[in-house]
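Below: one structure, written as structure tokens.
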Amino acid sequence: MLYRESGDFKVSYPADQQTFPIRFDRLAFWITLAVAFFVVPFFINDYWANAVLIPFLIYGVAAIGLNILTGYCGQVSLGSGGFMAVGAYTCYKMMTAFPDLNLAFCILAGGVTTAIVGIMFGLPSLRIKGFYLAVVTLAAQFFLVWMFNKVPWFYNYSASGMITSPERTMFGHAISGANATPAATYLFCLTFLVLLGFLGRNLTRGSVGRKWMAIRDMDIAAEIIGVNPLMAKITAFGVSSFYVGVAGAMIFSVYLGAVEVTEAFGIQKSFLLLFMIIIGGLGSIFGSLVGAAFMVMMPVLLKNIMVNSFGWATDIAAHFEFIIIGGLIVFFLIVEPHGLAQLWRIIKEKMRLWPFPH
Amino acid sequence: MNIKRMMMATAVAVSVATPALAELVIPSLVYRTGAYGPNGIPYADGYADYFALLNERDGGIGGEMVNLIECETAYNTEKGVECFEATKDLGSLVYQPLSTGITYQLIPKATAADIPILSMGYGRTSAANGKVFSHIFNFPGNYWSAASAVINHILDQENGDIKGKKIALVYHNSAYGKEPIRTLEELAKKHGFDLSLLPVDHPGQEQKSQWLQLRREKPDYITMWGWGVMNQVAIQEAANIRFPMEKFIGVWWSGSENDVIPAGMKADGYKALAMHNTGMDYPLYDDLKKYLYDTGKASGEHAGTVLYSRGMYAGMLAAEGIKTAQKMTGKSNITAGDLRDGFEALEMTEEKMASIGMPNFGPSFKVSCESHGGPMVTAIQQWDAKNKTWSLITPFSPGDMDVINRLIAEDSAAYAAENNLSERCG
């Protein structure tokens, strides 16, 4: 009923190949975007922005990035935390070296530098596969974090080794620093997510993405049909690292404002991103976003319910949070190993036929 | 549509949670879970119990009940931000996050929100310069005065000459652990000792290589900036290489019962800095026992331990700040801005501490607009493993103020330049 396809005729290839072929989906997408851009900024407050929406948007970018590498190209990476750090520190160096430079360019510069670093660490992927590649990227994680901790130039020789983001404005509104309004930072991050999501979606369904998927499904077969594995893997590492770097730069400049590399970009961040894409769904842009939403919002939601609504002690609530989220992850992976995106796909199939399933 | 449902449920949960107004709201960013939980719990208990006592015994502060809102951070900066955002609009008066990382993050945010931060003996050392950091207070001591106090103690032990001596710093590889390095380097230049630095990565369970290196280098003294399990492991490792404990000096965050008890008798003689006294020999404990422990309102499980005392001391300083602000404004229901002014006018005297029931508990000092760092005096405490007690072995004395003040001026000037701040205090 809801997902009616009858009467929705496609008369051209572009119409048939579009991202949302069903009208209802398309409408829902545009309405969500319109609400996100034109309604939410008027109602957003500091708590919603800084505790829920901004982390979700930023982790969404990072999850799309990791999904391109792991979900689309099949290269497991445990180095995302380190790559985020590259983005963050590049952004910091740019911000402090060029105080007049627009923050957006600093963030993009973070992405580009991370892409280069990512390609460097991606080179071994031509020889090493699977678990062994995971170990190489793990080395990248530890090396990068160690380097940012060790070399004082990266943190401008500050006494504590922390980097703090100075205030930067855009169109007269502060985006980073203490005076940033929640609406401005939210719109800033949302724009990045929408643009990068759009780019990611179109990369993955174009020839580049098809090459990635061919490599993922069987690299020898892909090579035989003419896919250059060097280019495919390198582009996947480059694009993925660009996304992750942008996310790292935003975490530092917009979201946290002050960052200490071991704590903010440690190995647990790499695992968090990996959880996001596994729970959300490998090889799906939508899945990346759902996964990010799950991992960011669930703890906050549970905390608010248990501590504020039930009035439980904070430590008991924190322990329950671990149990519940762990349990939910196991539950979702048993019910649907292909992630929440696949679950959503099945629901859509059912809704298409509902209420007459036969 | 999962997301939307979640958002709605969160919105409901948030809106339900708004507490009643017209009381003194004090957020308590605690960590009772995670790698540093064992150290976070006694501190959080001490902090909570002090305010609970004021509520039970005096009906709050100046007639206003204290509403303590706990928020679990697990020593994690992202959760710290979430806690800050969740509590800052509830009329929160002061933040004491007990984490250098979270403090760094809150410095600009709290300043913009006009809420003071009291980072007692942690956080950004140069915040002691009130001319630059308007809302941040770090009395009575900070990392740089602590570093200097360690060196001063070593000077005392060596009769004033430590030229050519080897001193090693074992530190938590984070903002917190790195803070003393610059001061120690300056002091090394001044006194001519060799400084070697040994970082230990979070959480600090794995220190074999560092202690192997220490065994090879044979330093004359070891000082430590550790937290959580790192302290216990380090003290155990020091015992394993038979390093003389009285030459092993930890910062005040590396000197609690949690850290020394696991090593048993081998930890006997271990030294640590102290910014306040400890133990149960204070009249305040009679009240705590009468109003809280005996009535079951608090467990008192950690009462008298170093970190419980520190939490209590933190609560006491905040409460005294509130009292000062109430006196200054003449109203009992003060705002966070009033409390900031109150902290700036805070004066801790012997008589005041005695009247609270904590005579000689900490140093007496006076805060001013220029100096948010207090007296920066530190004592040395030593562990007696037989009786399981810490006792102060030196009086509270100041560090090398020339060096510290110079470094504070440098670092705060850098912060002011980075953030386009002009100096306050006329």
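The values are calculated or read from the model by the stated rules, or taken from the named source; none is laboratory data. Bear in mind the structure is a predicted one, so any value in this text is a computation, not a measurement. FYI the Cβ positions are ideal-geometry reconstructions off the backbone, even for glycines, and counts take in every protein chain you see.
Some points to look at:
- Taken together, B:Gly141, B:Gly160, B:Gly123 contain a single residue that is part of a loop (DSSP other than H, G, I, E, B), within 14 Å of chain A (Cβ to nearest Cβ) and either touching a Gly at 6+ places or on another chain (Cβ under 6 Å) or at positive phi (or both), which is B:Gly123.
- Contacts under 8 angstrom Cβ, first residue in segment A:213-234 being touching a residue at least 40 places away in the same chain (Cβ under 8 Å) and part of a helix (DSSP H, G or I), partner among the aromatic types (Phe, Trp, Tyr) and surrounded by 12 or more Cβ atoms within 10 Å (Cβ to Cβ), 6 or more apart: A:Met213/A:Tyr72; A:Arg216/A:Tyr72; A:Ala232/A:Trp212
- Of the residues making up segment A:28-60, those that are of a type outside the set (A, V, I, L, M, F, W, C) and within 14 Å of chain B (Cβ to nearest Cβ) are A:Thr32, A:Asn45, A:Asp46, A:Tyr47, A:Asn50, A:Pro55, A:Tyr59, A:Gly60.
- The single condition among (1) within 13 Å of another protein chain (Cβ to nearest Cβ); (2) acidic (Asp, Glu); (3) under 22 Å from A:Val208 (Cβ atoms) that A:Asp25 does not meet is (3).
- Odd one out for A:Ser284 among (1) in contact with a strand residue (DSSP E or B) (Cβ under 9 Å, 6 or more places away or on another chain); (2) among the polar types (S, T, N, Q); (3) closer than 19 Å to A:Asn67 by Cβ: (1)
- Any chance B:Ser174 is modelled with pLDDT under 90 and hydroxyl-bearing (Ser, Thr, Tyr): yes
- Tabulated pairs, segment A:339-358, first on the phi > 0 side of the Ramachandran plot, second in a loop (DSSP other than H, G, I, E, B), C-beta under 6 angstrom, 6+ apart or interchain: A:Gly339/A:Gly281
- Among the residues of segment B:182-219, the one identified as surrounded by 17 or more Cβ atoms within 10 Å (Cβ to Cβ) and on the phi > 0 side of the Ramachandran plot is B:Gly204.
- Residue match in segment A:74-82 (condition: over 16 Å from the mean Cα position of the chain (by Cα) and either modelled with pLDDT of 95 or more or hydroxyl-bearing (Ser, Thr, Tyr) (or both)): no
- Any hit, segment B:31-50, residues being under 17 Å from B:Ala314 (Cα atoms), in a loop (DSSP other than H, G, I, E, B), within 11 Å of chain A (Cβ to nearest Cβ) and in contact with a Leu (Cβ under 8 Å, 6 or more places away or on another chain): yes
- Checked across segment A:134-155, the condition of being within 14 Å of chain B (Cβ to nearest Cβ), buried (at least 19 other Cβ atoms within 10 Å of the Cβ), modelled with pLDDT under 90 and part of a helix (DSSP H, G or I) holds for at least one residue.
- So A:Gly257, is it in contact with a helix residue (DSSP H, G or I) (Cβ under 8 Å, 6 or more places away or on another chain), within 11 Å of another protein chain (Cβ to nearest Cβ), over 28 Å from B:Asp201 (Cβ atoms) and surrounded by 24 or more Cβ atoms within 10 Å (Cβ to Cβ): no
- Residue match in segment B:382-392 (condition: more than 24 Å from B:Pro180 (Cα to Cα), part of a helix (DSSP H, G or I) and at pLDDT 90 or above): no
- Set B:Arg57, B:Arg124: member being closer than 25 Å to B:Asn405 by Cβ and charged (D, E, K, R): B:Arg124
- Within segment A:156-189, considering residues that are assigned to a strand (DSSP E or B) and buried (at least 23 other Cβ atoms within 10 Å of the Cβ), the one farthest from the other protein chains (Cβ to nearest Cβ): A:Ile175
- Given (1) in contact with a helix residue (DSSP H, G or I) (Cβ under 9 Å, 6 or more places away or on another chain); (2) assigned to a helix (DSSP H, G or I); (3) within 24 Å of A:Leu282 (Cβ to Cβ), index of the condition A:Phe198 fails: (1)
- Checked against the criterion of being crowded, with 21+ Cβ neighbours inside 10 Å and within 11 Å of chain B (Cβ to nearest Cβ), segment A:227-249 has no qualifying residue.
- Considering A:Gly110, A:Gly118, A:Gly81, the condition of being away from every other protein chain (no Cβ under 14 Å) and either more than 19 Å from A:Glu167 (Cβ to Cβ) or not in a helix (DSSP H, G or I) (or both) is satisfied by A:Gly118 alone.
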